[in-house]
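Undergrad: Sharing a structure below in structure tokens format, with a few things to ask.
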């Protein structure tokens, strides 16, 4: 997405603990630490207002940040392809399997196949091989543990949104699950009940719209930024 954003915005990309090129970080961390780290970085950079973008289960810390800072600072939140329902049975089982050293590789392979859904998109295949596939069992196990805990605590991202006292404009853009009209209906009903929420079905192939169709995702972000009152001037994403 970066090439489509840098001409109009300042872009800050956060590396979570253990996600930088140096993978020597071995302590456990979760949503609380991700929120604290992000807010500390924004403070250090002097960023007071911003647009927030999350992918998949990065939505959990994003929603916490939106709740903690309020819509006067988090002006917009674009969430990319996160499971908005309580976790489907197969996904919940996969989260458990990836915490087991004996089953994690098979579980990850199944997850990758689900995310690809038969797509031959080279960028997404490379992303899985060289980025997602570069993490070992420790990070996958921790990630799955944190994600499972988030669903147990909040039930679903939409339930977490409802609990935000002062929500910003939030848009969910996604392609998965494919061929699931009831999932689209859920979004339609939620958007009618909550005027600050909107969604777009990108009609892509994979779980990674930001890699597969980055221009479409950036167009959605710009459209979200342009909706309603927006006190932030160009150059401050």
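Undergrad: Can you tell me which residue in segment 197-230 is surrounded by the fewest Cβ atoms within 10 Å (Cβ to Cβ), limited to those that are assigned to a loop (DSSP other than H, G, I, E, B) and more than 18 Å from the chain's Cα centre (by Cα)?
TA: Checked segment 197-230; the qualifying residue surrounded by the fewest Cβ atoms within 10 Å (Cβ to Cβ) is 229.
Undergrad: Pick from 57, 125: which is under 21 Å from residue 13 (Cα atoms) and surrounded by 13 or more Cβ atoms within 10 Å (Cβ to Cβ)?
TA: When all the criteria are applied, what remains is 57.
Undergrad: Something else now. Identify all residues within segment 65-82 that are in contact with a strand residue (DSSP E or B) (Cβ under 9 Å, 6 or more places away or on another chain) and part of a loop (DSSP other than H, G, I, E, B); write none if there are none.
TA: Passing the criteria: 71, 73, 81, 82.
Undergrad: Provide a single number: the residues in segment 184-229 that are without any contact (Cβ under 8 Å) to a residue 40 or more places away in the chain, touching a helix residue (DSSP H, G or I) at 6+ places or on another chain (Cβ under 7 Å) and under 14 Å from residue 51 (Cβ atoms).
TA: 0
Undergrad: A further question on this structure: Say whether the condition of being surrounded by fewer than 19 Cβ atoms within 10 Å (Cβ to Cβ), within 18 Å of the chain's Cα centre (by Cα), assigned to a helix (DSSP H, G or I) and modelled with pLDDT of 95 or more is met by at least one residue in segment 167-181.
TA: no
Undergrad: Looking only at segment 91-121, filter to residues that are touching a residue at least 40 places away in the same chain (Cβ under 8 Å) and assigned to a helix (DSSP H, G or I); which one of those is surrounded by the fewest Cβ atoms within 10 Å (Cβ to Cβ)?
TA: Result: 96.
The values are calculated or read from the model by the stated rules, or taken from the named source; none is laboratory data. Note that the structure is a prediction, hence the values are computed from the model and not measured. As a convention, Cβ positions derive from the backbone with ideal geometry for all residues, glycine included, and neighbour counts pool all protein chains shown.
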